[in-house]
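Notes follow once the structure below has been shown.
The values are calculated or read from the model by the stated rules, or taken from the named source; none is laboratory data. Everything numeric here is computed off the predicted structure, so don't read it as measured data. As a convention, Cβ positions derive from the backbone with ideal geometry for all residues, glycine included, and neighbour counts pool all protein chains shown.
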Amino acid sequence: MPHSQPPIAVIGSGVIGLTSAMRLIEVGFPVTIFTRAVPPHTTSDIAAAFWAPSATEGNDKAKQWALTGLATLQTLAADPASGISLTDLYSLADSPTPMSYMANAGAMREVPPGIFPAPWSGWCATVPRIDVPIYMPWLLARVQAMGATIQPWILQTLDEIDRKYDLIVNCTGLGAQALTGDNVFPIRGQVLSVRKPAGLAPAMIYANDAETTTYIIPRSRDCLLGGTYQYRDGNMEVDPAITEGILARCAIFNPAFAQPEILQQRVGLRPGRYFPRLDQARLSSGQTVIHNYGHGSVGHTLAWGCAAEVAKLATRIG
């Protein structure tokens, strides 16, 4: 692909880094991605990923990023190879909740009584489901096909980036804490992949009560069950007691999950921050850095919207 702009260094190859790289290449920048791991070995590969309507609640900027992501993912769903499909999401609570943000996903339907065990009720909307074992390698392959170079590198400081890169895009997620000193903290998530029970409907379930979050995400090759949101917990070991709790909660919605065939158990550390950071700064070297990190549990939802803003900033700077 021909380039009309100076080279850019993107740090990180999770969903935030790869989508940023793609949008930068599309506007003419040659991109080198510096990364310690590529799919399927990033935190983005562990996610129970779907477009989350809750990301549109509140802040106008986050809402716009999320809606841009919705439009992009809906378009990508037309390609079966992407791993994205438009699927019903049941967003449930143990007490009646308006969940008005669900309307941002499009047509919103109230869940009739009796569909789920009491006291669970809520709303349903059709949203993009992101089958990350397919989507993340597909995204990496697309970025490479567009001309991005992957450079394995474990950065200790931003100053290590060669001066030929006047512009650096920092998509390091939780690693941004060490690189910038910013208050980015881990939000521990534990999930398990199980064999899909016979006859399992494709719809996703996301249920919240005062203490726990339960999700059931049927995918093409398995079903992902979760989960946890353990703030400031960096433990990467699978906790068997948490697994038992996840299975017990999921079995409320489908008894087949009480003792499923477990295929894999994983822990991921989401990059927590009070709000995602997307801004620019200047290093002592004179290089400009666009920071794009801290997306918490909604990285897949916000990625394309944030990537579009990164490309606009880079074009203005370049």
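Would you mind stating whether TYR165 is closer than 26 Å to ARG129 by Cβ, surrounded by fewer than 22 Cβ atoms within 10 Å (Cβ to Cβ) and of a type in the set (Phe, Trp, Tyr)? Explain how you work it out, then say what you get.
On the way: closer than 26 Å to ARG129 by Cβ: no; surrounded by fewer than 22 Cβ atoms within 10 Å (Cβ to Cβ): yes; of a type in the set (Phe, Trp, Tyr): yes.
Against the criterion (closer than 26 Å to ARG129 by Cβ, surrounded by fewer than 22 Cβ atoms within 10 Å (Cβ to Cβ) and of a type in the set (Phe, Trp, Tyr)), TYR165 does not qualify.
Would you mind stating whether ILE154 is in contact (Cβ under 8 Å) with a residue 60 or more places away in the chain, touching a Cys at 6+ places or on another chain (Cβ under 8 Å) and of a type in the set (A, V, I, L, M, F, W, C)? Write out each step before concluding.
Values: in contact (Cβ under 8 Å) with a residue 60 or more places away in the chain: yes; touching a Cys at 6+ places or on another chain (Cβ under 8 Å): no; of a type in the set (A, V, I, L, M, F, W, C): yes.
Answer is no for this residue.
Taking PRO6, is it within 26 Å of GLY318 (Cβ to Cβ), surrounded by fewer than 22 Cβ atoms within 10 Å (Cβ to Cβ), modelled with pLDDT under 95 and of a type outside the set (A, V, I, L, M)? Can you show your working first?
Details: within 26 Å of GLY318 (Cβ to Cβ): yes; surrounded by fewer than 22 Cβ atoms within 10 Å (Cβ to Cβ): yes; modelled with pLDDT under 95: yes; of a type outside the set (A, V, I, L, M): yes.
When the stated conditions are applied, PRO6 passes them.
Test of understanding: among ALA93, ALA81, ALA77, which residue is surrounded by fewer than 20 Cβ atoms within 10 Å (Cβ to Cβ), farther than 21 Å from ASP131 by Cβ and of a type in the set (A, V, I, L, M, F, W, C)?
On the way: ALA81 fails: farther than 21 Å from ASP131 by Cβ; ALA77 fails: farther than 21 Å from ASP131 by Cβ.
The match here is ALA93.
For (1) under 30 Å from THR288 (Cβ atoms); (2) small (Gly, Ala, Ser), each residue gets a yes or a no:
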| residue | (1), (2) |
| --- | --- |
| LEU155 | yes, no |
| LYS164 | yes, no |
| VAL169 | yes, no |
| ARG195 | no, no |
| ALA201 | no, yes |
| ARG219 | no, no |
| GLY227 | no, yes |
| GLU237 | no, no |
| LEU247 | no, no |
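What are the residue pairs meeting all of these: first residue in the range 157-182, first residue of a type in the set (Ser, Thr, Tyr), second residue outside any helix (DSSP H, G or I) and surrounded by fewer than 20 Cβ atoms within 10 Å (Cβ to Cβ), Cβ atoms under 6 Å, and 6 or more apart or on different chains?
Cβ pairs passing all conditions: TYR165/PRO7.
Go through the range 282-317 residue by residue and tally those that are polar (S, T, N, Q), over 21 Å from ASP162 (Cα atoms) and crowded, with 24+ Cβ neighbours inside 10 Å. Explain how you work it out, then say what you get.
Filtering the range 282-317 down to residues polar (S, T, N, Q) leaves 284-285, 287-288, 292, 297, 301, 315.
Checking the rest, the ones that are also over 21 Å from ASP162 (Cα atoms) come to 297, 301.
Filter once more, keeping what is crowded, with 24+ Cβ neighbours inside 10 Å: 301.
Residues in the range 282-317 being polar (S, T, N, Q), over 21 Å from ASP162 (Cα atoms) and crowded, with 24+ Cβ neighbours inside 10 Å: 1 in total.
Do you know which residues across the range 116-144 are without any contact (Cβ under 8 Å) to a residue 24 or more places away in the chain and either within 20 Å of ALA47 (Cα to Cα) or more than 22 Å from the chain's Cα centre (by Cα) (or both)?
Taking the range 116-144 first, the residues without any contact (Cβ under 8 Å) to a residue 24 or more places away in the chain are 118, 141, 144.
Answer for the range 116-144, where residues must be without any contact (Cβ under 8 Å) to a residue 24 or more places away in the chain and either within 20 Å of ALA47 (Cα to Cα) or more than 22 Å from the chain's Cα centre (by Cα) (or both): ALA118, ALA141.
Is one or more of the residues making up the range 37-53 closer than 23 Å to ASP88 by Cβ and assigned to a helix (DSSP H, G or I)?
Yes, the range 37-53 contains at least one residue that is closer than 23 Å to ASP88 by Cβ and assigned to a helix (DSSP H, G or I).
Could you list, in sequence order, all residues of the range 66-92 that are among the small types (Gly, Ala, Ser) and either under 24 Å from LEU200 (Cα atoms) or modelled with pLDDT under 95 (or both)?
To start, the set of residues in the range 66-92 that are among the small types (Gly, Ala, Ser) comprises 66, 69, 71, 77-78, 81-83, 85, 91.
Once the filter is applied, which keeps residues that are among the small types (Gly, Ala, Ser) and either under 24 Å from LEU200 (Cα atoms) or modelled with pLDDT under 95 (or both), the range 66-92 yields ALA77, ALA78, ALA81, SER82, GLY83, SER85, SER91.
In the range 257-314, which strands (runs of 3 or more DSSP E) lie fully inside it and hold 1 or more residues that are among the basic types (Lys, Arg) and at pLDDT 95 or above?
Numbers: elements: 262-272, 277-282, 288-293.
Qualifying strands (runs of 3 or more DSSP E): 262-272, 277-282.
Among the numbered conditions (1) polar (S, T, N, Q); (2) assigned to a strand (DSSP E or B); (3) under 21 Å from THR213 (Cα atoms), tell me where THR97 comes up short.
(2)
Report, by residue number, each residue of the range 242-281 that is in contact with a Lys or Arg (Cβ under 7 Å, 6 or more places away or on another chain) and crowded, with 17+ Cβ neighbours inside 10 Å.
Residues of the range 242-281 in contact with a Lys or Arg (Cβ under 7 Å, 6 or more places away or on another chain): 260-261, 263, 267, 269.
Across the range 242-281, the qualifying residues are PRO260, VAL267, LEU269.
Any residue at all in the range 36-57 that is of a type in the set (Asp, Glu), in contact with a Lys or Arg (Cβ under 9 Å, 6 or more places away or on another chain) and at pLDDT below 95? Can you show your working first?
Start the filter on the range 36-57 by keeping residues that are of a type in the set (Asp, Glu), which leaves 45, 57.
Now drop any that are not in contact with a Lys or Arg (Cβ under 9 Å, 6 or more places away or on another chain), which leaves 45, 57.
In the following step, the residues that additionally are at pLDDT below 95 were identified as 57.
Yes: one or more hits.
For the range 10-60, which residues satisfy the criterion of being of a type in the set (D, E, K, R) and without any contact (Cβ under 8 Å) to a residue 60 or more places away in the chain?
Our first condition is that a residue be of a type in the set (D, E, K, R); within the range 10-60, this holds for 23, 26, 36, 45, 57, 60.
Within the range 10-60, GLU57, ASP60 qualify.
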